[in-house]
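The values are calculated or read from the model by the stated rules, or taken from the named source; none is laboratory data. All values reported here derive from a predicted model rather than from experimental measurement. Cβ placement follows ideal geometry from the backbone for every residue including glycine, while neighbour counts extend to all protein chains displayed.
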Amino acid sequence: MFKNYFKVAYRNLIRHKGFSIINIAGLTLGVTACLLIGLFVYDELQYDKFLPEGDQVYRVYNDQSAEESAGMVSPVPPMFGATLEQSIPEVDKVARILMLQYDANNLVEASDKKIYENGRFFADPSFFEVFQLPFVYGSPEKALADPTSIVISDKFAQRVFGKADPVGKKVAVNQTQYLVKGVFSTAERFHLPVNFVLPMAAAEIPPERMQNWGWQQFYTYVKLKKGANAQAAQTKLREIVSKQIDPDKNAPFRYRPMLQPLHEVYLYSAGFKYDQNAKGNITYVKALSVIAVFILLIACFNFVNLATAKSLQRAKEVGVRKAIGASRGQLMLQFLSETVMLTLISVIFSAALTSLLLPSLNAFTDKQMTFNVFTNFNILLLLLVLTLVVGVLAGLYPAMVLSGFKPVKVLKSAVVVDSKVGKIQWLRHGLIVVQLALSIFLIISASIVYKQVGYLHNKDLGFNKDQIMFFQMRGQNMFENHETFKSELRKATGVKDVSIGYGFPGDATAGDRVIVPRNGEKEYYGATLLMVDFNYINTLDVQVLAGRPFSKEYPTDADHAYMINETAVRELGYGTPEKALGQPLLWPTWDKQDSLKEGKIIGVVKDFHYKSLYDKMEPVVMQIYPNAAVKVAVKVEPENVAGTISQVKTVWDKFSPEYPLEYMFMDDNFEKMYKAEDKLKSLLTIFTGIAIFIGSLGLFGLAAYAAERRKKEIGIRKILGAETSSIVALLSKDFMKLVLLAAFIAIPVAWYAMNKWLEDFAYRIEIPLWVFGAALLLAGLVAFLTVSFQALKAATANPVKNLRMD
């Protein structure tokens with residue numbers, strides 16, 4: 001029986017080659033898109049899942065609330081970790097990690113190699129007890145007990161030592177020697193971008209500094225005892241913190257410690273401040289998952305409509321089979337078998353196409369996803385299940401329609417007039433409406449994402465980021481003679497200006513509190529501190545609204561002057577920029593927290609975006625603070641940039657010949673901020689195109705079906721003198737109604753969904769109404785062109801042929 005089914009299915013595929021190719025192509029594209037998205041989503045969900053006892057590990061962060069500055073802050077004070085370990089009975093182990101934001105790359109020297117490496121961690125000795133990473137060489141036990149020890153990743157070891165076992169060998173990091181104690185594997189997906197780990201003791205932090213309750217610099221992880229209640233541990237930590245940190249003394253911040261499960265850190269931390277971990281975005285993962293389902297549904301609906309459109313040509317076959325005794329169940333099984341066979345062919349093509357496209361997707365997403373049907377049983381099982389599920393879902397409705405034809409009627413005439421076909425026509429139209437609605441939804445979403453991403457890249461940031469060469473100072477000689485170094489750079493041909501400091505746009509910044517003396521009281525405010533020099537304002541072309549910039553002509557500027565931005569004027573209660581001038585301002589210095597730097601506001605600058613547009617503008621306080629000078633910004637002439645870079649390198653080599661010059665341009669750094677959004681825009685564009693194409697195939701099928709059913713009517717109209725255009729309009733108008741209905745459903749849903757997405761941005765576009773009109777117009781145009789093709793074909797056919805009885 002099944003042999004006969006497959007033989008008939010094969011003959012039908014060969015006989016209707018065009019129909020078969022279209023159907024297989026639609027399913028293949030849909031399944032391929034679904035597989036590629038599925039691989040990406042699965043990979044994103046695997047972060048940190050490989051760690052033993054990972055369900056007992058939590059990250060500590062601050063839900064920091066304040067009138068001026070609120071949000072989730074990843075680093076916490078060092079005493080949070082000490083308190084957890086000493087005072088919370090639910091805690092098993094605690095590991096604090098120190099990652100210096102301004103020190104991204106470090107000079108590594110070993111085995112006659114001299115390269116820059118990122119991912120340097122200072123960590124507590126318990127690091128490898130909390131994160132039980134697999135070791136390739138050496139042992140995690142006491143690997144960080146010695147201040148001169150270092151543990152490196154397998155990729156780091158490969159780059160520096162090749163394939164040899166590096167344990168026991170020496171490696172210099174920023175000219176300090178360390179002894180390799182172990183090599184851990186980075187084969188699995190780990191949210192911490194760790195490349196090499198140094199003991200916390202190697203950071204040489206003063207003991208009194210490690211007892212600080214306000215220095216938010218440490219990424220802290222806690223491993224709870226098996227069966228311990230995380231909520232109870234969190235509550236106890238909050239109680240201790242609230243007693244230790246006096247809200248009045250440490251205002252405006254309110255420290256509210258939270259415990260975040262390890263498995264949520266990667267995907268659920270997109271909005272966290274000062275987070276240097278590898279981060280995904282659960283919103284994008286969910287969005288892509290929904291798109292995958294949409295495309296698969298569109299492909300299935302498309303198959304249903306195409307199969308139904310061709311059902312009339314098999315009416316006599318159904319009549320004959322029923323006349324000789326075939327039951328409806330047998331007929332349904334036959335047609336379902338054909339559908340599964342067609343789906344199997346599509347899935348096979350999809351698997352091949354997925355394997356072909358996966359390297360490009362890996363390059364696009366910076367991943368190492370694999371898809372091998374022959375070595376991975378789970379993938380093979382998935383494809384088999386997908387074949388059965390899609391085959392049955394896509395073929396069930398056509399099988400019901402085909403098996404429901406009455407033999408007497410279908411054998412009398414070539415045209416099926418079975419009333420059941422008309423009774424369930426609403427379902428066929430419903431599928432088309434859903435297809436169109438999904439397509440319109442994707443068109444609107446892609447358009448809004450495209451406009452928002454363009455806004456991110458093109459918005460006026462309030463300063464000039466173009467032609468600014470940006471690098472980190474290195475070497476003791478350069479730090480000790482940074483003014484001379486800056487002077488030499490300014491003399492180089494092609495250099496317009498030079499600034500040295502900490503807190504350049506797009507780079508690390510410091511959050512701290514400042515004090516406003518008012519009515520005999522000290523009022524505390526949170527602010528972003530930018531440690532600048534006398535050239536900062538001119539180098540970045542920041543606009544001064546009131547007062548003046550820092551100047552060497554005023555001797556007090558170096559120690560007793562501040563500049564603030566417009567937001568600080570409002571938040572600190574000055575009213576207007578002019579009223580802020582001359583007002584006193586205090587800051588607890590980093591050198592001595594009990595020492596206050598007293599100064600006055602000499603200037604107010606226009607707000608400029610020193611961070612991404614995800615973050616709202618915060619109060620900014622700028623000051624001259626040479627102790628924090630770690631980064632250099634060199635503004636260069638646009639002509640002969642290569643020659644200017646060569647001159648900068650020559651000056652660099654005079655002051656720090658032991659370190660290679662490593663630089664980037666500030667505008668490139670800002671471009672990288674929106675990498676995830678750029679990728680989302682590209683993926684949405686691609687998958688929207690696929691959805692529209694597959695959906696148009698469904699329209700093609702329904703149009704063919706409608707033309708087939710009304711071919712006698714069309715023949716009569718032609719004989720009576722109807723114009724071709726009127727017949728095309730007759731057959732097209734019903735489909736245009738479906739487009740309008742689909743738009744009515746899709747537009748409010750798309751408006752709501754995209755408004756929710758835009759809420760993540762502090763600075764966003766307003767959704768323009770023309771986007772909805774354009775989506776409707778595009779969907780209508782695609783539908784009209786698709787339907788018109790079939791309508792024109794029917795209208796230009798010989799009416800005698802349409803009226804002839806077979």
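Would you point out the residue of segment 513-562, among those that are among the polar types (S, T, N, Q) and closer than 14 Å to Ile601 by Cα, that is surrounded by the fewest Cβ atoms within 10 Å (Cβ to Cβ)? In this case the residue turns out to be Thr556. Entry remark, segment 37-61: residues being more than 23 Å from the chain's Cα centre (by Cα) and either farther than 26 Å from Leu133 by Cβ or at pLDDT below 90 (or both) number 0 in total. Counting just the residues of segment 580-607 that are in contact with a helix residue (DSSP H, G or I) (Cβ under 8 Å, 6 or more places away or on another chain) and not in a strand (DSSP E or B), which one comes out modelled with the lowest pLDDT? Residue satisfying both the conditions and the ranking: Asp591. Only one residue in Gly494, Gly462 is of a type outside the set (Val, Ile, Thr) and either in contact with a helix residue (DSSP H, G or I) (Cβ under 7 Å, 6 or more places away or on another chain) or within 30 Å of Leu699 (Cβ to Cβ) (or both). Which one? Testing whether each residue is of a type outside the set (Val, Ile, Thr) and either in contact with a helix residue (DSSP H, G or I) (Cβ under 7 Å, 6 or more places away or on another chain) or within 30 Å of Leu699 (Cβ to Cβ) (or both) leaves just Gly494. Scanning segment 271-282 for residues that are buried (at least 17 other Cβ atoms within 10 Å of the Cβ) and at negative phi returns Phe272, Lys273, Asp275, Gln276, Asn277, Lys279, Gly280, Asn281. Residues that are under 23 Å from Arg59 (Cα atoms), surrounded by fewer than 19 Cβ atoms within 10 Å (Cβ to Cβ) and of a type in the set (A, V, I, L, M, F, W, C) within segment 146-191 comprise just one, Ala187. Only one entry of Lys718, Lys679 meets the criterion of being at pLDDT 75 or above, surrounded by 14 or more Cβ atoms within 10 Å (Cβ to Cβ) and either in a helix (DSSP H, G or I) or out of contact with any Ser or Thr (no Cβ under 8 Å at 6 or more places or on another chain) (or both), and that entry is Lys679. Among the residues here, Phe19 qualifies as in a helix (DSSP H, G or I) and modelled with pLDDT under 90.
So is Gly501 crowded, with 19+ Cβ neighbours inside 10 Å and part of a loop (DSSP other than H, G, I, E, B) or not? When the stated conditions are applied, Gly501 does not pass them. Being farther than 28 Å from Ile205 by Cβ, hydroxyl-bearing (Ser, Thr, Tyr), assigned to a loop (DSSP other than H, G, I, E, B) and assigned by TED's automatic domain parsing to the domain that holds Gly503 holds for only one residue in Tyr614, Tyr659, Tyr610, and it is Tyr614.
With the condition kept exactly as written, say whether any residue in segment 160-181 is among the hydroxyl-bearing types (Ser, Thr, Tyr) and closer than 23 Å to Glu53 by Cβ. Scanning segment 160-181, I find no residue that is among the hydroxyl-bearing types (Ser, Thr, Tyr) and closer than 23 Å to Glu53 by Cβ, so the answer is no. If the condition is being aromatic (Phe, Trp, Tyr) and touching a Pro at 6+ places or on another chain (Cβ under 9 Å), then segment 122-155 contributes Phe122, Phe127, Phe128, Tyr137. All conditions but one from (1) at pLDDT below 90; (2) hydrophobic (A, V, I, L, M, F, W, C); (3) in a helix (DSSP H, G or I) apply to Ala508; the one that does not is (3).
Val569 meets each of the listed conditions (1) in contact (Cβ under 8 Å) with a residue 40 or more places away in the chain; (2) surrounded by 22 or more Cβ atoms within 10 Å (Cβ to Cβ); (3) within 21 Å of Asp460 (Cβ to Cβ) apart from (1). Residues of segment 275-283 include at least one that is modelled with pLDDT of 85 or more and part of a helix (DSSP H, G or I).
Is it the case that some residue within segment 583-595 is basic (Lys, Arg) and closer than 30 Å to Arg209 by Cβ? Yes; the residues of segment 583-595 include at least one that is basic (Lys, Arg) and closer than 30 Å to Arg209 by Cβ. Taking the conditions (1) over 21 Å from Gln216 (Cα atoms); (2) in a loop (DSSP other than H, G, I, E, B) in turn, Phe485 satisfies each one other than (2). Could you tell me whether any residue of segment 169-189 is within 25 Å of Lys273 (Cβ to Cβ) and either under 35 Å from the mean Cα position of the chain (by Cα) or without any contact (Cβ under 8 Å) to a residue 24 or more places away in the chain (or both)? Yes, segment 169-189 contains a residue that is within 25 Å of Lys273 (Cβ to Cβ) and either under 35 Å from the mean Cα position of the chain (by Cα) or without any contact (Cβ under 8 Å) to a residue 24 or more places away in the chain (or both).
For Thr186, are the conditions met, namely being touching a Leu at 6+ places or on another chain (Cβ under 8 Å) and farther than 15 Å from Lys113 by Cα? Judged against the criteria, Thr186 is not a match.
Of all residues in segment 369-394 being over 21 Å from Arg189 (Cα atoms) and in contact (Cβ under 8 Å) with a residue 60 or more places away in the chain, which is surrounded by the fewest Cβ atoms within 10 Å (Cβ to Cβ)? Here the residue is Leu393.
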